[in-house]
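Visitor: Please see the structure below; I have some questions.
The values are calculated or read from the model by the stated rules, or taken from the named source; none is laboratory data. All values reported here derive from a predicted model rather than from experimental measurement. Because the Cβ atoms are built from the backbone with ideal geometry, glycine has one as well, and the counts that use them run over all protein chains shown.
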Amino acid sequence: MLEKQSLDEFLSNIENRKTVIVSLSPQSRASLAVHFGLSPLQVFKKLTTFLKSLGVKAVYDTSCSRDLSLIESCNEFMTRYKQSYSSDDGKCKSSLPMISSACPGWICYAEKTLGSYILPYISSVKSPQQTMGAIVKHQICQKMCIR
């Protein structure tokens, strides 16, 4: 996985004229903004300009996908909660508590280190990063006529 997410791989894709689309998280922009004494909006504009100068086709903010993931997490929790008390004896029979994270790396870590013990409790909702990837793949690429 790390080989596919390296700077060399990123630059190689640009050099080979592959269509590269970047999504930036609010957390990344905020960290850079604090470090450089800029606003998050200024950081987004500067990063967009820089990335496009390298050959990136488009740059998107993951804030909207974060909101979608949060809404879906709420829906999943409500479904689990209702199912947990739907039995006649009133005993909990579902997967509560529900554990979720906006970080796919944490979920991967939890799955690998805790395995079957934690799996029933992990939310099935995509992370904001995965949601943005799906939006780009199924909606934006179609509108840009990119395979």
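Visitor: Considering only residues that are modelled with pLDDT of 85 or more and more than 22 Å from the chain's Cα centre (by Cα), which ones fall in segment 84-109?
Guide: Within segment 84-109, just L96 meets the criteria.
Visitor: Follow-up. State whether one or more residues within segment 10-25 are of a type in the set (V, I, T) and more than 22 Å from I135 (Cβ to Cβ).
Guide: No, segment 10-25 contains no residue that is of a type in the set (V, I, T) and more than 22 Å from I135 (Cβ to Cβ).
Visitor: Let me ask something else. Within segment 20-40, take every residue that is out of contact with any helix residue (DSSP H, G or I) (no Cβ under 8 Å at 6 or more places or on another chain) and at pLDDT below 95 and give me the one that is nearest to P97 (Cα to Cα).
Guide: Checked segment 20-40; the qualifying residue nearest to P97 (Cα to Cα) is Q27.
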